[in-house]
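Participant: Okay, handing you the structure first.
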Amino acid sequence: MNMPTTGISKFLDKSIRPIFDKHARSTTIIDGVDLIHRLETYTTNGYLKPKTYLCMFDITDLYTMLPQEESLDILIEFLLQHGYENFQNIPIDIIRKLALIAIKENVFVYEKKFYQQAIGGVMGLAFTLTLANIFMCKMRETTCSPTGSIQ
């Protein structure tokens, strides 16, 4: 993609995705292929028992329907929770401003008219996937308890 926000999006993704991978990737299933691999591993290691419960979310159009402000709040909460008040010498409030630009300042042309995306992130932008994964981690934390009950 070649959009005005592509560079910021790539920078944020390159900076934040490793943090997500380090702290949350092991408990997050990204797609159907990942699910199959995880189930095979769980079965091989003896973790999949008859009383094992799995909690799964499948959200239609997640990337393009992310609530922008709430996603940014969750992003900052995630970074602070894992001790990143700044990284690469960039304060966290600047990271939030860059993320805001990456998801809010997107325009597209349809039938020779310009439109600005008001909800969610742009499909195909690198940072959108990482932001959606962090958002879903928060939803999982607030919805599924470790005891197996659903809130």
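Participant: Please find, within the stretch 125-151, the residue that is modelled with the lowest pLDDT out of those that are within 23 Å of Ile76 (Cβ to Cβ), of a type in the set (A, V, I, L, M, F, W, C) and not in a helix (DSSP H, G or I). Give the steps one after another, and end with the answer.
Facilitator: Start the filter on the stretch 125-151 by keeping residues that are within 23 Å of Ile76 (Cβ to Cβ), which leaves 125-144, 151.
Still in the list and also of a type in the set (A, V, I, L, M, F, W, C): 125-127, 129, 131-132, 134-137, 139, 144.
Filter once more, so that each one left must be not in a helix (DSSP H, G or I): 125, 144.
Values: Leu125: 85, Cys144: 74.
So, considering only residues that are within 23 Å of Ile76 (Cβ to Cβ), of a type in the set (A, V, I, L, M, F, W, C) and not in a helix (DSSP H, G or I), the one modelled with the lowest pLDDT is Cys144.
Participant: Which condition number does Val109 fail, the rest of (1) of a type outside the set (D, E, K, R); (2) on the phi > 0 side of the Ramachandran plot; (3) loosely packed, with under 11 Cβ neighbours inside 10 Å being met?
Facilitator: Failing condition for Val109: (2).
Participant: Tell me which residues, restricted to the stretch 14-32, are hydroxyl-bearing (Ser, Thr, Tyr), under 21 Å from Leu62 (Cβ atoms) and in a helix (DSSP H, G or I). Break it down into steps so the answer makes sense when it comes.
Facilitator: Of the stretch 14-32, the ones hydroxyl-bearing (Ser, Thr, Tyr) are 15, 26-28.
Retained after the next criterion (residues that are under 21 Å from Leu62 (Cβ atoms)): 26-28.
Selection gives Ser26, Thr27.
Participant: Find the residue count for the stretch 77-125, including only residues that are small (Gly, Ala, Ser) and over 19 Å from Ser9 (Cβ atoms).
Facilitator: As a first pass, look at the stretch 77-125 and keep what is small (Gly, Ala, Ser): 83, 99, 102, 118, 120-121, 124.
From the residues that got through so far, the ones that are over 19 Å from Ser9 (Cβ atoms) too are 83.
Summing the residues that are small (Gly, Ala, Ser) and over 19 Å from Ser9 (Cβ atoms) in the stretch 77-125 gives 1.
Participant: Check Asn89 against each of (1) on the phi > 0 side of the Ramachandran plot; (2) modelled with pLDDT under 85 and name the one condition it does not meet.
Facilitator: Of the numbered conditions (1) on the phi > 0 side of the Ramachandran plot; (2) modelled with pLDDT under 85, the odd one out for Asn89 is (2).
Participant: Mind telling me which of the residues Leu48, Leu72, Leu35, Leu54 ends up being farther than 15 Å from Ala132 by Cβ and in a helix (DSSP H, G or I)? Reasoning before the result, please.
Facilitator: Working: Leu48 fails: in a helix (DSSP H, G or I); Leu72 fails: farther than 15 Å from Ala132 by Cβ; Leu54 fails: in a helix (DSSP H, G or I).
Result of the check over Leu48, Leu72, Leu35, Leu54: Leu35.
Participant: Can you pull out the residues in the stretch 1-13 that are part of a helix (DSSP H, G or I) and without any contact (Cβ under 8 Å) to a residue 24 or more places away in the chain?
Facilitator: First pass over the stretch 1-13, keeping only residues part of a helix (DSSP H, G or I): 6-13.
Gly7, the sole residue that qualifies.
Participant: Working carefully through the options Thr142, Thr41, find the one that is touching a Phe, Trp or Tyr at 6+ places or on another chain (Cβ under 9 Å) and free of Cβ contacts under 8 Å to residues at least 24 places away in the same chain. Break it down into steps so the answer makes sense when it comes.
Facilitator: Working: Thr142 fails: touching a Phe, Trp or Tyr at 6+ places or on another chain (Cβ under 9 Å).
Exactly one residue qualifies, and that residue is Thr41.
Participant: Please indicate, with yes or no, whether at least one residue in the stretch 82-95 is surrounded by fewer than 16 Cβ atoms within 10 Å (Cβ to Cβ) and touching an Asp or Glu at 6+ places or on another chain (Cβ under 7 Å).
Facilitator: yes
Participant: Are any residues in the stretch 102-124 assigned to a strand (DSSP E or B) and touching a strand residue (DSSP E or B) at 6+ places or on another chain (Cβ under 8 Å), and if so, which ones?
Facilitator: Of the residues in the stretch 102-124, the ones assigned to a strand (DSSP E or B) are 107-110, 113-116.
Result: Val107, Phe108, Val109, Phe114, Tyr115, Gln116.
The values are calculated or read from the model by the stated rules, or taken from the named source; none is laboratory data. The shown structure was predicted, so the numbers you read here are calculated from the model rather than taken from an experiment. Because the Cβ atoms are built from the backbone with ideal geometry, glycine has one as well, and the counts that use them run over all protein chains shown.
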